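Following: one structure in structure tokens, then a few remarks.
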Protein chains: 2
Amino acid sequence: MTTANDDDARHKAKMANRKAIQDKEVAAKTIEKGLLIVHTGKGKGKSTAAFGLMMRALGRGFRCGVVQFGKGAWQSGERTAAEKFGDQVQWHTLGEGFTWETQDRARDVAAAEKAWAATERLMADPAIRFIVLDELNIALRYDHLDIAKVVAALKARRHDQHIVVTGRNARQEMLDAADLVTEMTPVKHHFAAGVKAQEGIEF
Amino acid sequence: MTTANDDDARHKAKMANRKAIQDKEVAAKTIEKGLLIVHTGKGKGKSTAAFGLMMRALGRGFRCGVVQFGKGAWQSGERTAAEKFGDQVQWHTLGEGFTWETQDRARDVAAAEKAWAATERLMADPAIRFIVLDELNIALRYDHLDIAKVVAALKARRHDQHIVVTGRNARQEMLDAADLVTEMTPVKHHFAAGVKAQEGIEF
């Protein structure tokens, strides 16, 4: 028979051990660098988590840039929130919408190139510490931009600049170059139950 | 031999078809409801995407509430960003840190119960349209709260109130009750390469 005291003691020993392992792991990490972060997968939350990271970075005083390679999931709510930080954020909405909306490949390529030029300016700006390249993976998947050129530029980022790339179907070259890759996987979606897009959630 | 014109025409037809399917799908969704959204999985971005959703909701003028059931991943950057919205956000940091840090189950249970009481107050407040219950899944996994009681209350939420629940190892009862579940799956992590937690990203 075990008593409540035995249970408590066992729980305490187990948790102390887990904490010791975690503390040791944290102490072993010593490299400071600008991270290349990729959010991919078919699920929700890729752009939203990038936006959340940017709000955190803004809260810490970083100057940030956003380039939207597609019409994307970022709309008025995000813009209004970001505007609270005034000129601490530079926002470039250059995408023309997804290709199945424009139905014009030449226009998509031109838009992607314009968005990439804005990216290069942000990367070269010493004041910018955090950049979101929203839906860049989609532009690369459709070959609207040269993958080798883009990945080489991202790899050459400064050590004090973090970059977050979003979009489903990230190319292998992008995954190889990234420090941190998270896949957002849809498990259940209310659209399947006939529920429409809800204000404050989807737009 | 195909010409560039043939290719363009084929691309245009394919994309027009895809857009027609998508438009029809969107039109079929007609139900308005407050959503229960779950972010789970071992990957990054669960709390960050919830925070991003909240910033979007704030940007649309919703009053929001946050209850942190653990010490969690939300720190000074998030607080600073949320403070830009003044009393539009109510923030409750009641968790005592993860259990392997406190090593005291009775204290964890008391903290979880206090956090749940704050949740019930937010859910009953007609002004609150959006609530984040950060790391609630962890409190449920450790049985710090009664799963049946929590899920029944969440299911009984108002139709004009969205709730986002985060934390790995979401219980099956929570998944069953949710409208939208996304699993964040780690694909690659810079900690494995010896890179330490970076300001503006992890804290």
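The values are calculated or read from the model by the stated rules, or taken from the named source; none is laboratory data. Keep in mind it's a predicted model, so treat the numbers as computed, not measured. Using ideal geometry, Cβ is built from the backbone for each residue, glycine included, and neighbour counts are taken over all protein chains shown. Side chains are part of the model used for accessible areas, which takes the heavy atoms of the whole protein and leaves out ligands, DNA and RNA. Shrake-Rupley method; radii C 1.70, N 1.55, O 1.52, S 1.80 Å.
Residues are listed down the side, and each one gets a yes or a no for (1) of a type in the set (A, V, I, L, M); (2) modelled with pLDDT under 95:
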{"residue": "B:131", "(1), (2)": "yes, no"}
{"residue": "B:138", "(1), (2)": "yes, yes"}
{"residue": "B:144", "(1), (2)": "no, yes"}
{"residue": "B:147", "(1), (2)": "yes, no"}
{"residue": "B:155", "(1), (2)": "no, no"}
{"residue": "B:164", "(1), (2)": "yes, no"}
{"residue": "B:188", "(1), (2)": "no, yes"}
How many residues are within 19 Å of residue B:49 (Cα to Cα) and of a type in the set (A, V, I, L, M, F, W, C) if we restrict to the stretch A:127-169?
-> 8
Would you check if there is a residue in the stretch A:69-76 being assigned by TED's automatic domain parsing to the domain that holds residue A:128, of a type in the set (S, T, N, Q) and at pLDDT 90 or above?
-> no
Taking only the stretch B:79-90 into account, find how many residues are modelled with pLDDT of 90 or more and within 20 Å of the chain's Cα centre (by Cα).
-> 4
Search the stretch B:173-189 for residues being in contact with a helix residue (DSSP H, G or I) (Cβ under 9 Å, 6 or more places away or on another chain) and assigned to a helix (DSSP H, G or I), and hand back the single one that is most open to solvent (accessible area, probe 1.4 Å).
-> B:176
Subset of the stretch B:27-68 that is under 20 Å from residue A:57 (Cα atoms) and open to solvent by 20 Å² or more (accessible area, probe 1.4 Å) - its residue that is modelled with the lowest pLDDT | B:44
Failed condition for residue B:20, given (1) surrounded by 13 or more Cβ atoms within 10 Å (Cβ to Cβ); (2) at pLDDT 70 or above; (3) not polar (S, T, N, Q), with all others met?
-> (1)
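Across the stretch B:146-170, which residue is nearest to the other protein chains (Cβ to nearest Cβ) among those that are under 19 Å from residue B:111 (Cβ atoms) and crowded, with 18+ Cβ neighbours inside 10 Å?
We begin by selecting, within the stretch B:146-170, every residue under 19 Å from residue B:111 (Cβ atoms); these are B:146-147, B:149-150, B:153, B:165-169.
Okay, now just the ones that are also crowded, with 18+ Cβ neighbours inside 10 Å, so B:150, B:165-167.
On the way: B:150: 18, B:165: 13, B:166: 11, B:167: 14 Å.
Filtering first and then ranking leaves B:166.
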Taking the stretch A:131-143 as the search range and keeping residues that are assigned to a loop (DSSP other than H, G, I, E, B) and surrounded by fewer than 24 Cβ atoms within 10 Å (Cβ to Cβ), which one is farthest from the other protein chains (Cβ to nearest Cβ)?
-> A:143
Any idea how many residues of the stretch A:95-118 are more than 9 Å from every other protein chain (Cβ to nearest Cβ) and either open to solvent by 40 Å² or more (accessible area, probe 1.4 Å) or modelled with pLDDT of 80 or more (or both)?
-> 13
